[in-house]
Amino acid sequence: MSSMLELVDVHRTYLIGESTVYALRGVSLTIEQGEFVAIMGASGSGKSSLLQILGLLDNPDKGEYRIFGNNVNTMTEDEQAGVRNNVAGFVFQQFHLLKRMDIVDNVRLPYIYSGIKGSFRREAIERLRMVGLEQRIDHTPNQLSGGEQQRVAIARALVRDPLIIFADEPTGNLDSKNSAEIMKILQGLHAEGKTIIMVTHENEIAAYAGRVITMRDGVIVADERKPGIMPPVVVAGEIGFDIHGSGKGSLWQDGRFMGFIAQAFQAILANKMRSFLSVLGILVGVASVIAMMALGEGAKASMQEQLKSMGSNMLSIRAGSAKIRGAAQGAGAVTRFTFADVDDIASLRTLVKNASGVVNGAGRIVFGNKNWSTSLTGVGYDYGTMRAAIPSVGRWFTREEIQTRDKVAIIGVTVAKQLFNNMNPIGKTVKINRINFTVIGIAPAKGFSGPQDEDDVVIVPVTTAMYRVLGKSYLSGIFVEVTSPALIEQTKSTISGMIHKRHRLKVDDDSFNIRDMTEIQQMLSSTTQTMSLLLGSIAAISLVVGGIGIMNIMLVSVTERTREIGLRKAIGARKNDIMLQFLVESVGMTVSGGLIGILLGIGISFILSFFAGWAVKTSLISVVLATAFSALTGIFFGLWPARKAADLKPVEALRYE
Ligand code: ADP
Ligand code: MG
């Protein structure tokens, strides 16, 4: 039968810069279950160092420590945390209560690291009753006296029914009346069978113990048992527990994770202003991502709308070279298209759906005493459907009108406004280049394409334009509608070959050119893509800046709460528990900043579209992206501070001033 606690020649040295402090130098000691041990000695004699090693808050540099027969040197950090959680309760001189929680939450804190399911409020209140504080359960530590705070700490040490209580100067910060009360509680616990190991430098306090160990300069100089007090008999089997199993529970089990979330929000809310300011960067970043993406999407959508009105699958064949080559472009450098060309192109049935010749020129249009210079377009019958030019007010030309060179005109919105103001133009007679025309429709509004007003136009039958108005015997160009977008390239080369042959052009003669809308489409989409990329990277930069802000605050928070981390580790938090706690906190901050930012961004887009009339389109993608990115920012920038916190050693963290 091994002893409960057994130290063999234990050494502990601290390195402070160049010098070495020998805190323990060869301590051997056994403690049996049920003992009440006081460790005494002058300040600096190594009492706390010894207690920390016994309580697994620290490990020996040299020598062996066995707890219930298990060698501590072979236990992992997490296993030791599990043992602290299951077997030990700690009481410190500085109480180490968490100020932002009420005392019930403080007392039940060890349970969140136990892997056992439940709220444990009842257990916490029961322990508070044991130390006489059941009337104060709604209070926070700040509202209690020192003696009461220490009683809360004792209740916390008891909440998991530990076998051993470690107390380091538990009455060091208390007056004699409160000291006596605390000692009575410890005495009572000893009477119930708890093992108590207590550090003190006061004789009156040590007098409560049944065994007094005196230390000087890191060694034990005396070890006395009070006469008449025998160590209680160890009941065999009572101390058996799975020392290696206790540290292995999953982080996700039994609502432990939800507990972290609740605690993270408690911590965030404890520093409202600071949390808000640090979240502001993320908030602004996300809001701008949302608003900018909405603007980009809006611009894209309105451009696509415009493209659609230009007609899809369109080829435009124009006389003249695509490249302007100055002097090289002589009189013979343009191909003169005729209706025969249009008919031939239209006969390419598998490739071409429609073909329509157009002729362009200048038009001077007069109505009453008003006159207006505009561009004149002569078109064929199919042009109306191909280019979405069929009037919604009035009507399109008939085939007959086009064949018989009728003097009918469709005017653009701008022309209608200039000449007719509020009058209805349909049926009115106007003069176009001194020839009388009847207005039969108003072309649908198209807006501007670059600097050019697409509504400043007069459309007449192509034949009328050529032979009556402009006096031209050839077309300016041909519009072709391809049967499907996939066939555009093939159609272009077929038509090109056909024109070369018909007009007997040399192979490299480019006195005409064929353009398709995909070029324009590609140009537009690459423009909007560049714009989105630019806007996106500005927003991304602000997210990074916001993330650095979060990291800064988390680092401050880790430093500020070093002692809290120490305490959590002392009561059994494992590395991952601490890490997760801080990660959840930073992700909690960035995600809540992100969500507020999303609302703000949507609000800004709405205001932009409502008051400034900009085209905006909030996309679900941007919302999802923003949420994901703010969460990632939290993880990325929270990871380092969280690691830093998790890597702290319990003793060092507890000591931190
Ligand atoms: P006691 O509790 O008896 O006052 P401690 O065990 O706290 O003594 O300290 C023993 C010696 O070790 C002291 O000289 C102290 O300064 C030194 N010491 C304790 N902890 C540390 C530490 N973390 N770093 C450096 N020196 C330490
Ligand atoms: Mg000490």
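The values are calculated or read from the model by the stated rules, or taken from the named source; none is laboratory data. Since we're looking at a predicted model, the values are computed, not measured. Every residue, glycine as well, gets a Cβ built from its backbone with ideal geometry; the counts of neighbours run over all protein chains shown.
Consider region 264-306 and keep the residues that are of a type in the set (D, E, K, R) and either touching a residue at least 60 places away in the same chain (Cβ under 8 Å) or within 20 Å of SER537 (Cα to Cα) (or both). The one that is surrounded by the fewest Cβ atoms within 10 Å (Cβ to Cβ) is ARG274. Reported count of residues in region 478-512, each being closer than 26 Å to VAL462 by Cβ and part of a loop (DSSP other than H, G, I, E, B), is 7. Of the residues GLU238, GLU192, the single one that is among the acidic types (Asp, Glu), at pLDDT 75 or above and away from ligand 2 (no atom under 16 Å from the Cβ) is GLU192. Return the residue satisfying two criteria in turn: it lies in region 1-29 and is in contact with a strand residue (DSSP E or B) (Cβ under 7 Å, 6 or more places away or on another chain), among the small types (Gly, Ala, Ser) and assigned to a strand (DSSP E or B), and of such residues it is farthest from ligand 1 (Cβ to nearest atom). Checking each candidate, the answer is SER28. Criterion applied to GLU181, GLU123, GLU202 was being within 16 Å of ligand 1 (Cβ to nearest atom) and of a type in the set (Asp, Glu), and the one residue passing it is GLU202.
Here the strands (runs of 3 or more DSSP E) wholly within region 158-220 that include at least 1 residues being among the hydroxyl-bearing types (Ser, Thr, Tyr) are 195-199, 211-216.
Of the listed requirements (1) assigned to a loop (DSSP other than H, G, I, E, B); (2) within 16 Å of ligand 1 (Cβ to nearest atom); (3) over 23 Å from GLU202 (Cβ atoms), TYR65 misses just one: (1).
Residue-wise test of (1) within 16 Å of ligand 2 (Cβ to nearest atom); (2) touching a residue at least 60 places away in the same chain (Cβ under 8 Å); (3) of a type in the set (A, V, I, L, M, F, W, C).
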| position | (1), (2), (3) |
| --- | --- |
| THR13 | no, no, no |
| ILE31 | no, yes, yes |
| LYS47 | yes, yes, no |
| ASP58 | yes, yes, no |
| ILE67 | no, yes, yes |
| VAL91 | yes, yes, yes |
| HIS96 | yes, yes, no |
| VAL104 | no, no, yes |
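Scanning region 132-178 for residues that are within 16 Å of ligand 1 (Cβ to nearest atom) and either surrounded by fewer than 18 Cβ atoms within 10 Å (Cβ to Cβ) or aliphatic (A, V, I, L, M) (or both) yields ALA167, GLY172, ASN173. Beta carbons closer than 7 Å, at least 6 apart along the sequence or on distinct chains, never pair a first residue in region 401-429 that is more than 20 Å from ALA389 (Cα to Cα) and in contact (Cβ under 8 Å) with a residue 60 or more places away in the chain with a second that is of a type in the set (D, E, K, R) and crowded, with 16+ Cβ neighbours inside 10 Å.
Given the structure, is ASN59 surrounded by fewer than 18 Cβ atoms within 10 Å (Cβ to Cβ), touching a helix residue (DSSP H, G or I) at 6+ places or on another chain (Cβ under 7 Å) and outside any strand (DSSP E or B)? Criteria met by ASN59. In the set (1) modelled with pLDDT under 90; (2) not in a helix (DSSP H, G or I), GLY384 fails one condition alone, (2). Are any of the residues in region 30-42 of a type in the set (Gly, Ala, Ser), in a loop (DSSP other than H, G, I, E, B) and within 10 Å of ligand 1 (Cβ to nearest atom)? Looking through region 30-42, at least one residue is of a type in the set (Gly, Ala, Ser), in a loop (DSSP other than H, G, I, E, B) and within 10 Å of ligand 1 (Cβ to nearest atom).
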